[in-house]
Amino acid sequence: MVKQSKQKLSRERILLVARRHFGRYGYRRTSLTGIARDLGVVKGALYYYVPGGKEELFDAVVTAEEQRLLEAMTRAAEAETDPRIALRRAVEAKLEALGEVRRTLAMPREVGEEIAALVQSSQRAFDRAERQLFETLLRRGEQTGVFRSLRPRCKAAEALQAMARALELPLVFDTEDASASASAMNLLFEIIFRGLEER
């Protein structure tokens, strides 16, 4: 096996390989040894870039994915003027991005469940940013008279986040049929909008 020097190794390259490993094998079954092997280096070389080891590496991979999700959600929401459509597009963008990760990494459902449980068990900056995006969209809806006033708005945003999150695994892993996925999304937003809309 040919070993590469640390100079040819980069944090970005390590994250790319680690993303593939975590996506295919999950957190528990991924090893730094396997990642190092795929990079053509010894395990100890990884600690130069990720001194916190596997935990730090997992956090860095998840943080990068969350940043991509948030950017996609924000772009989708900002492209719409109607707050109802903006809210729906933000959730759809997240689900599409998660589905793309699943397909790209050939991620098995049990790995998705493991990663989702690990991510949801910790308070992450993404959760706060996603809630803030939902709060902003709710505020926009209130200001335009589309949504009724909900106080505290942060709790309404948390409820939206919880409902959308409950559909993530089923829609990303169980629904290959686009029409079934669209039906589930329509039902979710029918329920959401009946509670949000001004009467």
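The values are calculated or read from the model by the stated rules, or taken from the named source; none is laboratory data. Only a predicted model underlies this, so the values are computations on that prediction, with no experimental measurement involved. Neighbour counts are summed over all protein chains in view; Cβ atoms, including those assigned to glycine, are modelled from backbone coordinates with ideal geometry.
Residue count for segment 87-116 under the criterion of being free of Cβ contacts under 8 Å to residues at least 40 places away in the same chain and in contact with a Leu (Cβ under 9 Å, 6 or more places away or on another chain): the result is 2.
Taking segment 36-64 on its own, how many of its residues are touching a residue at least 40 places away in the same chain (Cβ under 8 Å) and not polar (S, T, N, Q)? Here the count works out to 8. With respect to the conditions (1) assigned to a helix (DSSP H, G or I); (2) at pLDDT below 95, Ser122 lacks only one, and its number is (1). With respect to the conditions (1) surrounded by fewer than 14 Cβ atoms within 10 Å (Cβ to Cβ); (2) without any contact (Cβ under 8 Å) to a residue 40 or more places away in the chain; (3) of a type in the set (Gly, Ala, Ser); (4) within 24 Å of Glu56 (Cβ to Cβ), Ser179 lacks only one, and its number is (4). Failed condition for Gly145, given (1) out of contact with any Lys or Arg (no Cβ under 6 Å at 6 or more places or on another chain); (2) part of a helix (DSSP H, G or I); (3) not polar (S, T, N, Q), with all others met? Just one mismatch for Gly145, condition (2). For the condition assigned to a helix (DSSP H, G or I) and touching a residue at least 24 places away in the same chain (Cβ under 8 Å), what is the one hit in Arg165, Arg139, Arg194? Of Arg165, Arg139, Arg194, the one residue that is assigned to a helix (DSSP H, G or I) and touching a residue at least 24 places away in the same chain (Cβ under 8 Å) is Arg165. For Leu150, work out the one condition from (1) part of a helix (DSSP H, G or I); (2) touching a residue at least 12 places away in the same chain (Cβ under 8 Å) it doesn't fulfil. Among (1) part of a helix (DSSP H, G or I); (2) touching a residue at least 12 places away in the same chain (Cβ under 8 Å), Leu150 violates only (1). Are any residues in segment 130-171 polar (S, T, N, Q), surrounded by 15 or more Cβ atoms within 10 Å (Cβ to Cβ) and over 23 Å from Ala116 (Cβ atoms), and if so, which ones? Matches in segment 130-171: Thr136 only. When each of Ala77, Ala156, Ala72, Ala180 is tested for being over 25 Å from Phe22 (Cβ atoms), modelled with pLDDT of 95 or more and not basic (Lys, Arg), the lone residue that passes is Ala77.
Does Leu87 meet the test of being over 18 Å from the mean Cα position of the chain (by Cα), part of a helix (DSSP H, G or I) and buried (at least 18 other Cβ atoms within 10 Å of the Cβ)? When the stated conditions are applied, Leu87 does not pass them. Within segment 11-35, residues that are farther than 11 Å from Val61 by Cα have Cβ atoms under 6 Å from residues that are among the β-branched types (Val, Ile, Thr) in these pairs: Gly26/Val111; Ile35/Val17, counting only partners at least 6 apart in sequence or on another chain. Do we find that Arg19 is surrounded by fewer than 14 Cβ atoms within 10 Å (Cβ to Cβ), out of contact with any strand residue (DSSP E or B) (no Cβ under 7 Å at 6 or more places or on another chain), under 26 Å from Glu100 (Cβ atoms) and not hydrophobic (A, V, I, L, M, F, W, C) in this structure? No: the conditions fail for Arg19. Looking across Asp174, Asp127, one residue alone is surrounded by fewer than 16 Cβ atoms within 10 Å (Cβ to Cβ) and either modelled with pLDDT of 90 or more or in contact with a helix residue (DSSP H, G or I) (Cβ under 9 Å, 6 or more places away or on another chain) (or both). It is Asp174. Going by the structure shown, is Arg103 assigned to a helix (DSSP H, G or I), out of contact with any helix residue (DSSP H, G or I) (no Cβ under 7 Å at 6 or more places or on another chain) and closer than 28 Å to Tyr25 by Cβ? For Arg103, the condition - assigned to a helix (DSSP H, G or I), out of contact with any helix residue (DSSP H, G or I) (no Cβ under 7 Å at 6 or more places or on another chain) and closer than 28 Å to Tyr25 by Cβ - is met.
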